[in-house]
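Asker: First, the structure itself, so that you have it in front of you.
Every number here is computed from the coordinates shown, using simple stated rules; none is lab data. Just so it is clear, the structure is predicted and the values come from calculations on it, not from any experiment. When we count neighbours, we look across all protein chains shown, and the Cβ atoms used for this are built from the backbone with ideal geometry, even at glycine.
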Amino acid sequence: MSGLFGVVSLSDCTRTLFYGTDYHSHLGTEVAGLATLDGHFRHRIHSIADTQFKSRFAAHLAEMPGRSGIGVISDSNTQPFIVSAKVGDFAIVTAGLITNKDDLAEKLLEAGQSFSEVARGEINPSELVAKIISSGKSIADGIRLVFDQIEGSCTMLLLTRDGIFAARDARGRLPLVLGRREGSYAVATESSAFVNLGYELMRFVQPGEIVHITAKGAESVWKGSRKRQVCSFMWVYTGYPASAYEGISVEAVRERTGAALAAKDDLKADIVAGVPDSGTGHAIGYAIASGLPFRRPLVKYTPGYGRSYAPPSQEIRDLVAEMKLIPIVDIIRGKRIVLCEDSIVRGTQLKNLTVKKLRDSGAREIHLRAACPPLMFPCIYAVSTRSLDELAARRAIKALEGHEIDDVAEYVDPTTQKHTHMVQWIRDDIGVTTLRYLELDEMISAIGLDADDLCTYCWRGRND
Ligand code: SF4
């Protein structure tokens, strides 16, 4: 994942850029970068694998003056990229996943282009996008070339000598939102970045739209499309609770998914809990709807730890998860617990750490409830850290069938025996008393957009 923030002001904006970018730290744990413009471009890029963004970049606050700037927090790409091209000088940050990156790079290499950045044998996607933009007649024309040529998704911010160009990917899978305060306009992945910085939310950028932002306003220079497939997983898991996408609050959706799970249950339980932190909103919704008390049997020791999902190595993910969750034995001992989780991706942390901690602390029963259906397919648009054979559902299918299978339609369908057996296998593997998933139409209903307006690829393997 990646989170983007950009700002243009009548006065210096570096401090705003610093905090606005930092408010996207939940979307990446590997690398971060800032670029500002004050007559000339300045940029800084650092690894944030061991140190939080604020610690790494605080020293640059005084060194990077400017009235406009862009920032990024990312799991992979080293960016911003600074480019000097016939369309003008620009700095660029991108978010998304370009699945035909190698083919596009090959074409550019054959045409005589070269790439300066090759990390771990891979072309840097932001540099690739910058090259395509540079071949356009203008910045906006170049961005449209990117949208025409890429497969996957790409949302981007370009810092130019004449303001920021903000472009949301062609199907709007990742959010992008505009905000304003006196003398300044800003753009962000997460609307929650605006609140404490005093920005009023103006509107959400449309899929494929290109917006030109200056200190005087935000003008649409390309309307884009009304056809959208917004990432459902942002509401369920990856997004920040205080944000809204397409005007729909993340926390409110999580409370609705929890309520929908409770509506299907008639459990005799003592407490409801969420797997911290992303299961909390779902658990609150479950507790309100069921009348069972919301308690915290596990608390997260936050200082020094990031999210356990984002680091690319499983070893690091497990270590972070093991160390950061602390059980409260007095709350757990002898209790029948409804444990709400956003999703079950791999299931290994749940099994080896969360459920084990609850069992070791004396939990009598654990009823696991997931706020979305079993994840069946790796994301091909935004979240690149899971592979097919890592997914709990795929491991279950392989165990039940004796080998991997391509056609998993029967397992996707919640009315089939095969689906039931898959869920039972995952329940037994994780070691909980009962397991239930929210069904796809219930999740879509909790989000509140039409099914056609949502990306649900990771559950169905298609969007239609
Ligand atoms: S495949 Fe899943 S995670 Fe990826 S954009 Fe679609 S809904 Fe989001």
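Asker: Which net charge results when you count Lys and Arg as +1 and Asp and Glu as -1 among the other residues whose beta-carbon is under 11 Å from that of Ile331?
Answerer: Numbers: positive: Arg295, Arg296, Arg333, Lys335; negative: Asp270, Asp330.
Once all neighbours under 11 Å are counted, the net charge is +2.
Asker: If you average 1/r over every pair of different alpha-carbon atoms in segment 4-129 and take one over that average, what Kirkwood value in Å do you get?
Answerer: On the way: mean 1/r = 0.0657 Å⁻¹.
Evaluated over segment 4-129, this radius sits at 15.2 Å.
Asker: Same structure again: Hey, rough spin-label estimate for Glu404 and Thr416, points 7 angstrom out along Cα→Cβ, what's it come to in nanometres?
Answerer: In this crude label model, Glu404 to Thr416 measures out at 1.9 nm.
Asker: Given R₀ = 35 Å, what would the calculated FRET efficiency be for Lys216 paired with Tyr19, taking r from the Cβ atoms and rounding to 0.05? Walk me through the intermediate numbers first.
Answerer: On the way: r = 23 Å, r/R0 = 0.65.
The formula returns an efficiency of 0.95 here.
Asker: Listed here are the pairs Lys300/Lys357; Lys54/Lys357; Lys268/Lys324; Lys351/Lys418; Lys324/Lys398; Lys268/Lys300; which of them are more than 20 Å apart at the Cα? Walk me through the numbers before you get to the answer.
Answerer: Numbers: Lys300/Lys357 13 Å; Lys54/Lys357 32 Å; Lys268/Lys324 30 Å; Lys351/Lys418 22 Å; Lys324/Lys398 32 Å; Lys268/Lys300 27 Å.
Correct reply: Lys54/Lys357; Lys268/Lys324; Lys351/Lys418; Lys324/Lys398; Lys268/Lys300.
Asker: Over the chain, what per residue volume does the convex hull of the Cα atoms give, in whole Å³? Before the final figure, lay out the partial values.
Answerer: On the way: hull volume 65.0 nm³, N = 464.
With only Cα atoms used, the chain gives 140 Å³ per residue.
Asker: Based on the mean of other Cβ atoms within 10 Å per residue, sort peptides 68-80, 31-43 so the most packed one is first.
Answerer: Working: 68-80: 26.9, 31-43: 21.3.
Per-residue Cβ counts within 10 Å, averaged per peptide and sorted highest first, yield 68-80, 31-43.
Asker: Can you tell me the order of 266-277, 289-300 when each peptide is scored by its average per-residue count of other Cβ atoms within 10 angstrom, highest first?
Answerer: So the peptides 266-277, 289-300, ranked by packing, come out 266-277, 289-300.
Asker: Give the relative contact order (percent, whole number) for segment 167-274; include only Cα pairs under 8 Å separated by 6+ residues. It would help to have the intermediate numbers written out before the result.
Answerer: Working: 182 pairs, mean separation 26.4, N = 108.
Relative contact order of segment 167-274: 24 percent.
Asker: For helix 101-110, what angle does its Cα long axis make with the longest principal axis of the chain, in degrees from 0 to 90 and rounded to 10?
Answerer: That works out to roughly 30 degrees.
Asker: With a ≥ b ≥ c taken as the square roots of the eigenvalues of the C-alpha gyration tensor of segment 252-460, please select rounded if a/c is under 1.5 and otherwise prolate if a/b is larger than b/c or oblate if it is not? Don't jump to the answer; show the numbers that get you there.
Answerer: Details: a/c = 1.42, a/b = 1.23, b/c = 1.15.
Rounded shape, in that the Cα axes give a/c under 1.5.
Asker: While we're looking at this one, here's another question. Relative to the longest principal axis of the C-alpha atoms of the chain, give the angle of the C-alpha long axis of helix 250-263, reported between 0 and 90° and rounded to the nearest 10°.
Answerer: Between helix and principal axis, roughly 20 degrees.
Asker: For the peptides 404-415, 5-16, 140-151, 212-223, what is the packing order when you average, over each peptide's residues, the other Cβ atoms within 10 Å and list the highest mean first? Working shown, then result.
Answerer: Values: 404-415: 13.5, 5-16: 21.2, 140-151: 18.9, 212-223: 15.4.
So the peptides 404-415, 5-16, 140-151, 212-223, ranked by packing, come out 5-16, 140-151, 212-223, 404-415.
Asker: Follow-up. Stretch Ser84-Thr99 to full length: gain in nm at 0.36 nm per residue minus the Cα-Cα span? Could the numbers behind the result be given before it?
Answerer: Values: separation 15, 0.36 × 15 = 5.40 nm, distance 2.60 nm.
So the extension gain works out to 2.8 nm.
Asker: I would also like to ask the following. Below 8 Å between Cα atoms, with a sequence gap of 6+, how large is the relative contact order for the chain in percent?
Answerer: Values: 1073 pairs, mean separation 59.4, N = 464.
Relative contact order, the chain: 13 percent.
Asker: According to a simple spin-label model (label point 7 Å from Cα along Cα-to-Cβ), what is the distance in nm between Ser387 and Val329?
Answerer: Each label point lies 7 Å from its Cα, and together they span 4.0 nm.
Asker: Same structure, new question: Would you mind checking which residues have amide H under 5 Å from Val299's amide H? H placed 1.01 Å from N; only 5 or more apart, or other chain.
Answerer: When sequence neighbours closer than 5 places are left aside, the close amide H contacts are Ile326, Ile328.
Asker: Apply 1/(1 + (r/R0)^6) to the Cβ-Cβ distance of Arg359 and Thr51, taking R0 = 25 Å, and write down the FRET efficiency to the nearest 0.05. Show your work: numbers first, answer last.
Answerer: Numbers: r = 34 Å, r/R0 = 1.38.
According to the calculation, E is roughly 0.15.
Asker: Turning to a different aspect of this structure: Given R₀ = 22 Å, what would the calculated FRET efficiency be for Ile288 paired with Thr433, taking r from the Cβ atoms and rounding to 0.05?
Answerer: On the way: r = 23 Å, r/R0 = 1.03.
The value I calculate is 0.45.
Asker: Write down the Kirkwood hydrodynamic radius of segment 2-228, to one decimal in angstroms, obtained as one divided by the mean of 1/r over all alpha carbon pairs. It would help to have the intermediate numbers written out before the result.
Answerer: Working: mean 1/r = 0.0585 Å⁻¹.
Computed over segment 2-228, the radius equals 17.1 Å.
Asker: Mind pulling the angle between the C-alpha long axis of helix 392-401 and the longest principal axis of the chain? Nearest 10 degrees, somewhere in 0 to 90.
Answerer: Approximately 60 degrees, to the nearest ten.
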